1. Anything in the range 50-67 that is open to solvent by less than 10 Å² (accessible area, probe 1.4 Å) and out of contact with any Pro (no Cβ under 9 Å at 6 or more places or on another chain)? List them, or say none.
2. Pairs please, first residue from the range 397-414 and closer than 15 Å to Leu323 by Cβ and among the basic types (Lys, Arg), second anywhere and outside any strand (DSSP E or B) and open to solvent by 10 Å² or more (accessible area, probe 1.4 Å), Cβ atoms under 6 Å, 6+ apart in sequence or on different chains.
3. Just a yes or no: is a residue in the range 73-85 small (Gly, Ala, Ser), within 16 Å of ligand 2 (Cβ to nearest atom) and modelled with pLDDT of 95 or more?
4. So, in the range 252-280, how many residues would count as being aromatic (Phe, Trp, Tyr) and within 14 Å of ligand 1 (Cβ to nearest atom)?
5. Would you point out which residue out of Pro367, Pro355 is open to solvent by 40 Å² or more (accessible area, probe 1.4 Å) and closer than 24 Å to Asp408 by Cα?
6. Taking Gly185 and the conditions (1) touching a Gly at 6+ places or on another chain (Cβ under 7 Å); (2) within 16 Å of ligand 1 (Cβ to nearest atom); (3) at pLDDT 95 or above, which numbered condition does it fall short on, given that it satisfies the others?
7. So which of Ala36, Ala9, Ala32, Ala20 is in contact (Cβ under 8 Å) with a residue 40 or more places away in the chain and open to solvent by less than 40 Å² (accessible area, probe 1.4 Å)?
8. Can you confirm whether the range 277-300 contains a residue that is in a helix (DSSP H, G or I), within 22 Å of Arg115 (Cα to Cα) and within 16 Å of ligand 2 (Cβ to nearest atom)?
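The values are calculated or read from the model by the stated rules, or taken from the named source; none is laboratory data. Please read all numbers here as calculations on a predicted model, not as lab measurements. Here the Cβ positions follow ideal geometry from the backbone for every residue, glycine too, while neighbour counts run over all protein chains shown. Remember, those area values only see protein heavy atoms, side chains included, never the ligands or the DNA or RNA. Shrake-Rupley method; radii C 1.70, N 1.55, O 1.52, S 1.80 Å.
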Amino acid sequence: MSSLLITGATLADGTHADLAVVDGLFVDPAEAPQGATRIDADGLLALPGLVDSHTHLREPGREDAETIASGTLAAARGGYTCVHAMANTDPVTDTAEAAEFVADLGRRQGHCEVRPVGAITKGLAGEELAELGLMAKSSAGVRVFSDDGRCVSDPLLMRRALTYVLPFDGVIAQHNQDARLAGPGACAHESELSGRLGLGGWPAVAESIIVARDVQLAELCKSRLHVCHVSTAESVEVIRWAKKRGIRVTAEATPHHLLLDTSLLEHYDTTFKVNPPLRTNEHIEAVREALADGTIDMVGTDHAPHAPQDKDHPFDVALPGMLGLEQALGVVMDVMINTGRMDWATLVQRMSVAPAAYGRVASQGRPIAVGEPANLVLVDPSARGVVDRAQGASIAKNNPYHGRNLPDPVIATVWAGRVTYQRGT
Ligand code: NCD
Ligand code: ZN
C-alpha cells in the first residue's frame, strides 16, 4: 500500500499540520516511512474529501454521455471522494442485482467511492414500490432511494415508501416537481421572461407544493425525507418550518441554483435547461441564505451529463440537466466563502459531513485525524481560471460554467489513501 507525507497543510479550523497516510489511514507523521510520496501543501487547505448527495453517472445504458470511470474521474478532479449514483440509468437501479452491479463497477473502475441510490418505484414508473428491502440488504447496502428525474406524485405510494424504509434507516429522496401543474412542454421558470421567450413555465409552487406534502408525510411516518435540489424561496420556508417541528428532513442545493439565473435562457442555449429550472434572484438569494444557516443541509451537484444528440434540439425538446462535479467547490467558494456568507468549517459540513451522514457512509465525512480514513482534498483558495468545457473529464460537455472565471481550487484529491487526482500530473 502506498504512503504519503503531506507537509504544511492548513486545516479548516485554521490550524497547521503535517499529515501522513499509511494503508489508507491517517497516521502520526513521525511514523511516515522513508519512501513516502511527499506533497508540499504550504499555503493549501486540507479538507475532508467531498461527498456528493446527487450524481448521475449514466452507466449502465448511456455510456456515450458518462461512465462510472469518467464520472468518478470528474468527481476526483472536483475534490470528491464519494458520490451517490442516481437510479435513473438503463436499466433502472430498482433491484438488488442492479445496485450490486453499480457498486461493483464503482469498486473496480471508480476514482472515488460509488454509493448506488435505489429507485423508489419499479422502472421509475411511479406505480409500484421497487425492491427497497432487498436493495438495502444486498452487498450494495443501499440507504438512499429516489426516483430522481421523476417526482413520485402519488401520495399513498410516497407514504408507503417512507414507512417501508424506516426499519433499515433508509431515506426517501424526492425530485420535487408537480408535473400536473405545468404543461407537457414546461422547461423554464414561469416568469415574464418565459412568456416572452415562448417557453412553457414551471411555476415555483410546483416545487414547494410537493415539499409541503412530503414533509407532512415524513412526520406522519416518523421517517427520513430528503428534498433534492431546492430551488425556491417557498421550499426553503417549508423546510425551515418542518425542521422547527422536528420533522426528519434534509435538503440539498445545487451549485447551479446558487449561481445561475433564468436570464441565461435568453438565447435558448439548452446547456441551461435543467430541472428544476434556473430561477430569479429572490429565489437564488433564499437558497444561499438557507445553505448558510443550515436550513439546507448540503450541496448536491445533480451532475447530469447529456450527449450532444440529446441537447442539440429546440429548447422544449432537449433533455434537462447540466454538469457539476468539477466546478462545484469553485462555485460554492465564490458564492458562499468569498462573499463572507460561510466559513470553511461550515463548507466542510455542507459538502462532506452532512452528505456522508445522509447516505450513512461510515468511511466518509470524517475528521482529518490520526486513525481516520485518509479521504481529503487539498485546496488552493486563491487559484482561479476560466472554465473550458473541452478540458473536463466527463464524456458529455454540457458544462454551464464554460467561459466563466471561477475559483479553480482543487490541487489534489486523496481517496482511501490513494492520490486520485493531482494537478499537473
Ligand atoms: C437529471 C438527469 O438528467 O438525470 N436532470 C436534471 O435536469 N436535473 C434528473 C434530475 O436530477 O432531476
Ligand atoms: Zn431531480
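1. Thr55
2. Lys397/Arg389; Arg404/Val387
3. Yes; the residues of the range 73-85 include at least one that is small (Gly, Ala, Ser), within 16 Å of ligand 2 (Cβ to nearest atom) and modelled with pLDDT of 95 or more.
4. Initial filter on the range 252-280 (aromatic (Phe, Trp, Tyr)): 268, 272.
Subset that is within 14 Å of ligand 1 (Cβ to nearest atom): 272.
Total satisfying the criteria: 1.
5. None of the others qualify; the one that does is Pro367.
6. Evaluating Gly185 over (1) touching a Gly at 6+ places or on another chain (Cβ under 7 Å); (2) within 16 Å of ligand 1 (Cβ to nearest atom); (3) at pLDDT 95 or above leaves (3) as the failure.
7. Just one listed residue meets the conditions, Ala9.
8. Start the filter on the range 277-300 by keeping residues that are in a helix (DSSP H, G or I), which leaves 281-293.
If we keep only those that are within 22 Å of Arg115 (Cα to Cα) too, we end up with none.
No: the range 277-300 contains no residue that is in a helix (DSSP H, G or I), within 22 Å of Arg115 (Cα to Cα) and within 16 Å of ligand 2 (Cβ to nearest atom).
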